[in-house]
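Reading through the C-alpha cells given below for one structure.
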Amino acid sequence: MPFQIVKQALPGLRRAPLVDLSPALSRIEAEEVIDLALALGNIDSPTGAEGAAAEYVFDWLTEQGLSPRRHALVADRFSVSAAIEGRGGGYGLILNGHLDTTLRPDAVWSAKDPLDRLYRGAWLEDDLIVGDGVVNDKGPVAACLVAAKAIHQSGIELPGDIIVTAVAGEIGREPVDEFEGTDYLSKDLGTRFMVTHGVVADFALVAEGTGFGIVWAEPGMSIFKVTVFSDGPRYYTPYLPDRGALADAPNAIVRAAAVIAAFEDWASGYQTRFREDRAGGRIVPKASVNAIRSGYPYEPTSAPQVASFYVDTYLPPAANPIDVREELRAVLRTAGVNGRVDLIVYRPGFEAVGVDRLVDTISRHHRARFGQDPAVVGPEVSSMWRDTNAFIELGIPAVSYAPRAASHASRKAIRAQDLVDAAHVYAAVAIDIASQRREPWAPLGSHLNALSDRADLTAGNSGTRVTQVTPA
C-alpha cells in the first residue's frame with residue numbers, strides 16, 4: 001500500500017514540529033460539514049454552468065473572515081481560492097476540489113432521465129448524503145472549506161501558506177466539430193488556469209474520492225474521432241442491395257458497427273498490455289466508444305455515407321497518443337473499412353515525484369483519525385484523469401485523497417461521517433505541512449528539472465551560481 005512504499009523509501013523522513021492541533025480541530029462541527037455539503041449539492045452546477053456554486057463558495061468564505069479571490073478565464077465560470085498566509089519559511093499546501101457536476105439537464109442522449117433528482121440535488125438518507133454532485137465532488141469540497149475555516153478561526157500561526165480552492169471545469173468537456181468555444185471548455189479553465197494565475201504552493205491535496213486511499217499516479221487522456229466512409233451511393237432505402245458482411249454495407253452506420261466490434265477486441269487487449277503497477281497507484285488504461293453520430297433523425301430515408309464515433313482512451317504516463325492513433329488506424333484495416341482517425345484531445349498523465357513528505361503526513365494523520373493505514377485503492381480509482389495531473393504538470397507534487405463509497409459506480413451516495421472525518425484529516429495535514437520548515441529556493445518537487453536544478457538554485461541563493469554556456 002502507499003504508506004508502506006513511502007516508509008521503505010524514506011525511513012528517516014523528518015517529522016513535523018509538534019503543533020497543537022486541538023484549537024483548529026475542536027472547531028470542526030459535523031453539522032456544519034453536512035449542511036454545507038447539502039447546500040452545495042442542491043446548487044445545480046453541471047460543467048459549463050458552475051457560476052452559482054462558485055458565488056456561493058465565494059460568499060461563504062467571505063462570511064468566515066477569509067479573503068477569497070476569483071480566477072476566471074470566463075467571467076461566469078470562475079474558480080475560487082482563499083489563502084491563510086503564513087509568516088514565511090514553511091511549506092505551502094493547496095486543498096483542492098471541484099464544483100462542476102457530471103450531467104447537464106439537457107443531456108437526453110447520455111442519461112435516460114437527466115432531470116433525475118440524483119443528478120440535480122442532494123439529501124440525507126439515514127447516515128448517507130445522496131446525490132451525484134455531493135459524491136463528485138462537493139462533499140469533499142465542503143470538508144476542505146470547513147477545515148480551512150477552522151484553521152483560520154483558531155488563530156494558529158504557521159510558517160507556510162494554506163490555500164483552499166474550489167474550481168470549475170474538472171469534469172471532461174471538450175470542443176469538437178461544431179461544438180466550439182468556451183462553453184465547451186473544462187480542464188483548461190479550472191485548476192490549471194488557477195495555478196498559472198497565481199495559486200501556487202509546494203504541495204496539493206486533491207480532495208477527490210479514493211476511499212481514503214492515497215493516489216499520486218494517474219493516466220493521461222486522449223480522445224479520438226473515428227470516421228467511417230461508405231464506398232457506395234447514398235441509397236434510398238427501397239434501392240438497398242441485398243445484405244452481406246457488415247464491413248461491406250453501403251450504409252456507414254452499419255460499417256461503423258463492424259469497426260466498433262473490432263475496436264472492442266482492441267480495447268480489451270490495450271488495457272491488458274499497458275497495465276502498470278506504480279508506487280502511486282495501479283493504472284489500467286481503458287478505452288470506450290462514448291458518442292456516435294451519423295445521418296439525420298428527421299430525414300431517415302437514405303443510407304448515410306459518413307459515420308463518426310468518439311473514443312475516450314486513457315494513456316499510461318509518458319505514452320505518446322500518436323501511437324494510439326496508429327493502433328486505431330490498424331483497427332480500421334482489421335475491420336476492412338475505409339475511414340480516418342483524428343486526435344482531438346490530449347492531456348498527459350503523471351506520477352508525482354517529490355511527494356513523499358505529503359504522503360507521509362497524510363498517512364500519519366489518517367492513522368491518528370482511523371487507527372489504521374490508508375486504504376489500498378482499486379485500479380479504477382487510480383486509472384482516471386483528475387486535477388492531480390494538472391498540478392503535477394506544473395511542477396506541484398499532488399495526491400488525491402478523499403472518502404468514497406464502496407458502491408460509487410452504481411450508488412451515488414457518501415457517508416456523512418466520512419466527510420466529517422475528512423475535514424479533520426485535511427485540517428491536521430494542512431497545519432502539519434505548513435509547520436514544516438521549507439529550505440529557501442527549494443524547487444517545486446514535481447517539476448521536470450527539479451533534481452537537476454536544485455543545486456544551481458541553492459547556489460544562486462548564496463550568490464555563487466554559475467551558468468555554463470556551451471560554445472557554438
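Loop-located GluC sites (Glu not before Pro) in the range 172-212 (DSSP state other than H, G, I, E, B) with a sparse environment of at most 13 neighbouring Cβ atoms within 10 Å: GLU178, GLU180.
Restricting the chymotrypsin sites (Phe, Trp or Tyr not before Pro) of the range 256-348 to loop positions (DSSP other than H, G, I, E, B) with no more than 15 neighbouring Cβ atoms within 10 Å leaves TYR298. Listed cross-link partners LYS138/LYS225; LYS225/LYS286; LYS112/LYS187; LYS138/LYS286; LYS149/LYS187; LYS149/LYS412 are compared with a 24 Å cut-off, the Cα-Cα value being larger for LYS138/LYS225; LYS112/LYS187; LYS138/LYS286; LYS149/LYS187; LYS149/LYS412. Each principal axis of the Cα cloud of the range 131-173 was taken in turn, and the coordinate range along them, longest first, works out to 40, 20, 9 Å.
Ranking request for peptides 362-372, 97-107: highest mean number of other beta-carbon atoms within 10 Å first, then the rest in descending order.
97-107, 362-372
Only DSSP H runs of four or more residues enter the estimate; each adds -39500 (n - 2.57), and after division by the residues of the chain the mean residue ellipticity at 222 nm equals -10000 deg cm²/dmol. Computed over the Cα atoms of the chain, pair by distinct pair, the Kirkwood hydrodynamic radius stands at 23.9 angstrom.
The trypsin sites (Lys or Arg not before Pro) of the range 214-293 that DSSP puts in a loop, and whose beta carbon has at most 11 other beta carbons within 10 Å, are ARG243.
Counting Lys and Arg as +1 and Asp and Glu as -1 over every other residue whose Cβ lies under 12 Å from the Cβ of GLY269, the net charge comes to 0.
Where a number appears in this text, it was derived from the coordinates with a stated rule and is not lab data. Please read these numbers as outputs of a predicted model, since none were measured by experiment. As a convention, Cβ positions derive from the backbone with ideal geometry for all residues, glycine included, and neighbour counts pool all protein chains shown.
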